[in-house]
């Protein structure tokens, strides 16, 4: 499963991308996280359904970022064969 998730709120300048990358180390997932020009953050996450689901739940419950999230938009997308590891994209 591959998902594109947009996090809206005060999610830039608060360590959101770094928290996301650190959390990803504990899961068998691939992906990227980056700031978007409109102030939101885009997460691309790929892996087994259960891993992706648990990762997304844990991220939204993480005390370092949870209170900054005001809205979450999730869509399933086609697999991206170029994903390797998990990285922050500028």
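Out of all the residues in the stretch 60-67, is one or more modelled with pLDDT under 95, buried (at least 18 other Cβ atoms within 10 Å of the Cβ) and within 19 Å of residue 8 (Cα to Cα)?
Yes, the conditions are met somewhere in the stretch 60-67.
This table checks each residue for (1) without any contact (Cβ under 8 Å) to a residue 12 or more places away in the chain; (2) farther than 11 Å from residue 11 by Cβ; (3) surrounded by 15 or more Cβ atoms within 10 Å (Cβ to Cβ).
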{"position": "35", "(1), (2), (3)": "no, no, yes"}
{"position": "44", "(1), (2), (3)": "no, yes, yes"}
{"position": "57", "(1), (2), (3)": "yes, yes, no"}
{"position": "80", "(1), (2), (3)": "no, yes, no"}
{"position": "88", "(1), (2), (3)": "no, yes, no"}
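Of all residues in the stretch 1-33, how many are farther than 19 Å from residue 79 by Cβ and loosely packed, with under 15 Cβ neighbours inside 10 Å?
7
The values are calculated or read from the model by the stated rules, or taken from the named source; none is laboratory data. This is a predicted model, so every value here is computed, not measured. All Cβ positions, even for glycine, are placed from backbone atoms using ideal geometry, and neighbour counts span all protein chains on display.
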